[in-house]
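Below is one structure, written out as structure tokens, with a few remarks after it.
The values are calculated or read from the model by the stated rules, or taken from the named source; none is laboratory data. Please read all numbers here as calculations on a predicted model, not as lab measurements. Cβ coordinates were reconstructed from backbone atoms using ideal geometry, including for glycine residues, and neighbour counts include every protein chain displayed. Protein only, heavy atoms only, side chains kept; ligands, DNA and RNA dropped before computing areas. Shrake-Rupley method; radii C 1.70, N 1.55, O 1.52, S 1.80 Å.
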2 protein chains.
Amino acid sequence: MARRSDHSRDQIHEMALSATERIVGEQGYQGLSARKVAGAIGYTVGTLYLVFDNLDDLILQVNGRTLDRLYARMVQEQAKQKQAKERLLQLGHSYIQFACEEPHTWQMIFEHRLTGEREIPEWFQLKVARMFALVETGLEPLAAQHSPGEIALAARALWSGVHGVCILAVSDKLDVVGVESVQNLTDLLVGNFLKGFMSS
Amino acid sequence: MARRSDHSRDQIHEMALSATERIVGEQGYQGLSARKVAGAIGYTVGTLYLVFDNLDDLILQVNGRTLDRLYARMVQEQAKQKQAKERLLQLGHSYIQFACEEPHTWQMIFEHRLTGEREIPEWFQLKVARMFALVETGLEPLAAQHSPGEIALAARALWSGVHGVCILAVSDKLDVVGVESVQNLTDLLVGNFLKGFMSS
DNA sequence: GTTGCATTATGAACGGTGTTCAGTTATGTT
DNA sequence: AACATAACTGAACACCGTTCATAATGCAAC
């Protein structure tokens, strides 16, 4: 194993990922470039392409880590709530809290589009599906008289709604200011939806 | 007024806008470039910059036209429904129908980010606000016991929700196929929200 | 030590992007 | 016919993602 620098392949991999997270966190998805990442870790672009297939690959991996952190946080904070309804509201709060704390990193998950004919890898789709499953599980105890299919649909509708509030809020299209206002909007959406859903 | 070609400034302006709409419609926002637009209308890039400040300007104008078409359609189709609740559901349906018919054009409204420090012009923000106002107006007859402030909030929450469903559906993140499934999801979201909202 | 080899890293090159602007060309007016 | 002015061009700039021949290095064998 001949090596020229002090870093192993895995180390460079990790360095690139966290450098990307820093750059995106500061300058947003638009401010990201291969040369910037390479420069930040003290290597050249060529080296980056020894460790990643291409920029899409790098970005997907960063987005994967973001989803992991988000998921972990939602699981953890949701567990604090004892009542089912409170747990669902908490999921929304955690989601929005995260998006507001790391807007650029969070937005990149949705701003990024794969180049050309490339397809979203399965491991990434699983991370997304996991989020929906969390909502579905949270919804189950509140939907005794509904079929599993109905619950799955309701979870999708509900979570898409929360996501919509979040995405419009983060991109300043809602005329509301501050995290609390966004939380209130979500509470309104989730609360009223649940009320309607449980009485049907 | 010395002119060399057969087209006036206004004509070139219009040609560029519709060429952009065609390119984006076929190849998506990513497939758009100044040289492509210029080539499509038989001019060079330089000419494009005589008519538009920059690409952001061009894209904003195209997005403005898209919002106009969307708004006109929502107003028109909503008027067909006599009951307040049906009108609200119709708004959602029209929105989704439009997004599914012209996914690329519709998505560009939300994919596009202004370069650097540029700011969204007021005329554009007004077009967005107009959409929320439509929902707000539709919600009023159903919210007799609610204050105007509450109605405004509810309209934002509701519309963000519909938008969320729409955006996840168009980018294939919902595991649902076909326009009808998306319509069902929206009906579920809007229906249950309204049921909850009206009983509170 | 020295040699040879496989690994690691480079950076120039390619075709693309948005944007600018000096220079050319065609037109309307004098 | 000459001039002024508007219209238009296209080369140039700095950036982008991506590739790859080349150089530099560390290690094993001799």
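Rounded, prolate or oblate, given the Cα gyration tensor of region B:1-52, with a/c below 1.5 counting as rounded?
Details: a/c = 2.66, a/b = 2.10, b/c = 1.27.
Prolate.
Before anything else, pin down the relative contact order of region A:1-52: Cα pairs under 8 Å, at least 6 apart, normalised by residue count, whole percent.
On the way: 29 pairs, mean separation 18.3, N = 52.
Relative contact order for region A:1-52 comes out at 35 percent.
Take the cross-link list B:127/B:173; A:82/A:195; A:195/B:85; A:80/A:127 and give me the ones stretching past 25 Å between alpha-carbons. It would help to have the intermediate numbers written out before the result.
Details: B:127/B:173 27 Å; A:82/A:195 18 Å; A:195/B:85 17 Å; A:80/A:127 23 Å.
Beyond 25 Å: B:127/B:173.
Where only protein heavy atoms count, and the probe is 1.4 Å, what is the accessible area per residue for region B:1-52 in Å²? Don't skip to the end; give the middle numbers.
Values: 3300 Å² over 52 residues.
Spelled out: the 1.4 Å probe surface of region B:1-52, per residue, equals 63 Å².
Evaluate the relative contact order of chain A (contact order divided by residue number), counting alpha-carbon pairs under 8 angstrom at least 6 apart; express in whole percent. Write down the numbers at each step before the final one.
Values: 155 pairs, mean separation 41.0, N = 200.
Relative contact order here is 21 percent.
Quick one: grab the alpha carbon gyration tensor of the protein assembly as shown, order the square roots of its eigenvalues as a ≥ b ≥ c, and give me rounded if a/c is under 1.5, else prolate or oblate depending on whether a/b is larger than b/c. The partial results should precede the final answer.
Values: a/c = 2.11, a/b = 1.11, b/c = 1.89.
In terms of gyration-tensor shape, oblate.
Rounded to the nearest 10 Å², what accessible area does residue A:36 have for a 1.4 Å probe in the complete protein model?
80 Å²
Give me log10 I(q)/I(0) at q = 0.09, 0.11, 0.15 Å⁻¹ for region A:54-198, Debye formula, one equal scatterer per alpha-carbon, no solvent.
Log10 I(q)/I(0), no solvent term: -0.29, -0.43, -0.79.
Going 7 Å from Cα along the Cα-Cβ axis for the label, what nanometre distances separate residue A:178 from the same residue across the other copies?
4.7
Suppose the chain between residue B:26 and residue B:7 were pulled fully straight at 0.36 nm per residue; how much longer would it get relative to their current alpha carbon spacing? Numbers along the way, then the final one.
Details: separation 19, 0.36 × 19 = 6.84 nm, distance 2.54 nm.
Here the answer is 4.3 nm.
Is region B:119-195 best put as rounded, prolate or oblate by its Cα gyration tensor, with a ≥ b ≥ c the root eigenvalues, rounded for a/c under 1.5, and otherwise prolate when a/b is larger than b/c, oblate when not?
Values: a/c = 2.88, a/b = 1.22, b/c = 2.35.
It is oblate, given that a/c is not under 1.5 and a/b is not larger than b/c.
How charged is the neighbourhood of residue A:102? Take every other residue with its Cβ under 14 Å from the Cβ of residue A:102, and add Lys/Arg as +1 and Asp/Glu as -1. Walk me through the numbers before you get to the answer.
Details: positive: A:22, A:65, A:69, A:73; negative: A:21, A:26, A:68, A:101, A:111.
Summing Lys/Arg as +1 and Asp/Glu as -1 gives -1.
Ignoring ligands, DNA and RNA and using a 1.4 Å probe, state the total buried accessible area between B and A in Å², rounded to the nearest 100. Write down the numbers at each step before the final one.
Details: alone 11140 and 11140 Å², together 19380 Å².
Buried area between the two chains comes out at roughly 2900 Å².
Starting from a label point 7 Å past Cα on the Cβ side, list the distances from residue A:39 to the same position in the other copies, nm, shortest first.
3.0
Could you check the spin-label model distance between residue B:129 and residue B:82? Points 7 Å from the Cα along Cα→Cβ, value in nm.
It is 3.5 nm.
Given a 1.4 angstrom probe, I'd like the percentage of the accessible area of chain A that is carbon and sulfur, rounded to a whole number.
Working: 4910 of 9690 Å².
Carbon with sulfur: 51 percent of the solvent-accessible area.
I'd like to check one number: the per residue accessible area of region B:54-198, probe 1.4 Å, reported in Å² as a whole number.
42 Å²
For residue B:145 and residue B:54, what does the FRET efficiency come to when R0 = 56 Å and r is the distance between their Cβ atoms, rounded to the nearest 0.05? Mind showing how you got there, number by number?
Values: r = 49 Å, r/R0 = 0.88.
Calculated value: 0.70.
If you fit an axis through the alpha-carbon atoms of helix B:55-78 and take the longest principal axis of the Cα set of chain B, what angle between them do you get, 0 to 90°, nearest 10?
40 degrees
Between chains B and A there is a rotation axis; tell me the chain B residue with the nearest beta carbon and how many whole Å away it sits.
Nearest Cβ to the rotation axis, residue and whole-Å distance: B:164, 1.
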